[in-house]
Amino acid sequence: MKYVPVRLTTLKSQIPFTFDVYVKLPHKYLLYVRNGDDIESESKKRLKKKKVKKLYIEDSDEEAYQQYLDKCLESYMDDPNASVDDKASFGSGVAENASDDVYDKPQTEESYNKAKRASNTLVKMLSSNDEVLKTILSRAEQGEGTNLDKLKAHAVNSSSLAIRFGEYMGLGAKQLEELGTAALYHDIGYTETSEEGQKLFFQSIEGADVASLSAYKEHPRKGAEMLQDKPFADEVVLDLILTHEEKLQGGGFPQKLEKLTLMQEIHSLCCYYDRRITLLGATSDEVLEDIMVEQLGAYSLETMKKFKKFLQGLKAA
Ligand SMILES: [Fe+2]
Ligand SMILES: [Fe+2]
């Protein structure tokens, strides 16, 4: 039997499981909650206290787990008393699960569907709610660990940010889902980049040598290429992956586009902003300052002004 991890934050009390749930011990998996029972909020708290982040299901129960998540999502949507913390940890947990899959098995339909579902979950959890976004962006232990862990956290953050900012900018639900899906994948080209190019994901590219830089600058194209022959991948999502490092007036890469659509601009801006924070360690204020001064011309003035206002609202939330 093979076991797959599921994040504790995605399990909701009072929704009965349609599969068995296990805890991992040093040498075996132990049945923890039986099919038909639910997880009690007390035991959830206890596990959280013990720093248990993941429980396990049998891999043949993956689809049942996805349907269970849909039920949890509905229940959060129907519950006017659902707390900000609950919505944020459920949304980010589902997105983190998807982000793991996207990086582990980038070219599979299964990962793609998971990313789409996660994006849809985020669209619903974040709807008109800056507090949920704020809680997701400041969640504990994000990006601790390896560089790959950092990239996965960056994917979840960029996705959440792009969805909520996209909503703020007036985009519709389908566009928000596409933005969120693309953001989960946007840096997937990292896995196909040479070691010297990979280093530049985590440091300023200014002053980098030519070889590293040219390897790094191909990552959006490599990412899009990993999915482009897949019948399940949406055109819009592919385009957003390819253009996520583009800026106005030829200031970005790899195509040096002159103009961007609103969606491309929102995606690029949100990926840029979160890269500076999650991968390069800047503060939100520093990045905002930089965007308004150094990045002048990289994005339209209108979009930057709105982004500034949006971030101010987020800070006050
Ligand atoms: Fe990138
Ligand atoms: Fe990125």
All positions within region 147-168 that are without any contact (Cβ under 8 Å) to a residue 60 or more places away in the chain, surrounded by fewer than 21 Cβ atoms within 10 Å (Cβ to Cβ) and of a type outside the set (Asp, Glu): ASN147, LEU148
Residue in region 149-159 that is touching a helix residue (DSSP H, G or I) at 6+ places or on another chain (Cβ under 9 Å) and away from ligand 1 (no atom under 16 Å from the Cβ) present: no
Lone qualifier among THR283, THR181, THR278, THR243 - being over 25 Å from GLY313 (Cα atoms) and of a type in the set (Val, Ile, Thr): THR243
Options THR18, THR9: the member that is of a type in the set (Val, Ile, Thr) and within 23 Å of TYR185 (Cα to Cα): THR9
Selected residue (criterion: nearest to ligand 1 (Cβ to nearest atom)) from residues of region 187-213 that are small (Gly, Ala, Ser) and in contact (Cβ under 8 Å) with a residue 12 or more places away in the chain: GLY189
Criterion violated by ILE241 - all others in (1) buried (at least 17 other Cβ atoms within 10 Å of the Cβ); (2) over 23 Å from GLU109 (Cβ atoms); (3) within 15 Å of ligand 2 (Cβ to nearest atom); (4) among the hydrophobic types (A, V, I, L, M, F, W, C) satisfied: (2)
Residue within region 234-245 that is away from ligand 1 (no atom under 14 Å from the Cβ), more than 21 Å from the chain's Cα centre (by Cα) and free of Cβ contacts under 8 Å to residues at least 24 places away in the same chain present: no
Qualifying position, being buried (at least 17 other Cβ atoms within 10 Å of the Cβ) and either assigned to a loop (DSSP other than H, G, I, E, B) or modelled with pLDDT under 95 (or both), among PHE253, PHE201, PHE232: PHE253
Inter-residue pairs, beta-carbon under 6 Å, first touching a residue at least 24 places away in the same chain (Cβ under 8 Å) and in region 47-58, second surrounded by 14 or more Cβ atoms within 10 Å (Cβ to Cβ) and in a loop (DSSP other than H, G, I, E, B), 6+ apart: ILE57/PHE19
In region 67-92, the residues that are exposed (fewer than 15 other Cβ atoms within 10 Å of the Cβ) and under 17 Å from ASP20 (Cα atoms): GLN67, LYS71
Qualifying positions in region 261-301 - over 22 Å from the mean Cα position of the chain (by Cα) and either in a loop (DSSP other than H, G, I, E, B) or basic (Lys, Arg) (or both): GLU294, GLN295, GLY297, ALA298, SER300
1 or more residues over 27 Å from HIS154 (Cα atoms) and hydrophobic (A, V, I, L, M, F, W, C): qualifying helices (runs of 4 or more DSSP H) within region 6-113: 62-78
Residue check for GLU144: buried (at least 21 other Cβ atoms within 10 Å of the Cβ) and away from ligand 2 (no atom under 15 Å from the Cβ): no
Verdict on ALA215 being in the same structural domain as SER99 (by TED's automatic domain parsing), more than 19 Å from the chain's Cα centre (by Cα) and in a helix (DSSP H, G or I): yes
Test: residue in region 148-166 that is at pLDDT 95 or above, assigned to a helix (DSSP H, G or I) and farther than 30 Å from LYS51 by Cα: yes
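The values are calculated or read from the model by the stated rules, or taken from the named source; none is laboratory data. All of these numbers come straight from a predicted model, not from anything done at the bench. No Cβ is skipped: glycine too gets one built from the backbone with ideal geometry, and neighbour counts run over all protein chains shown.
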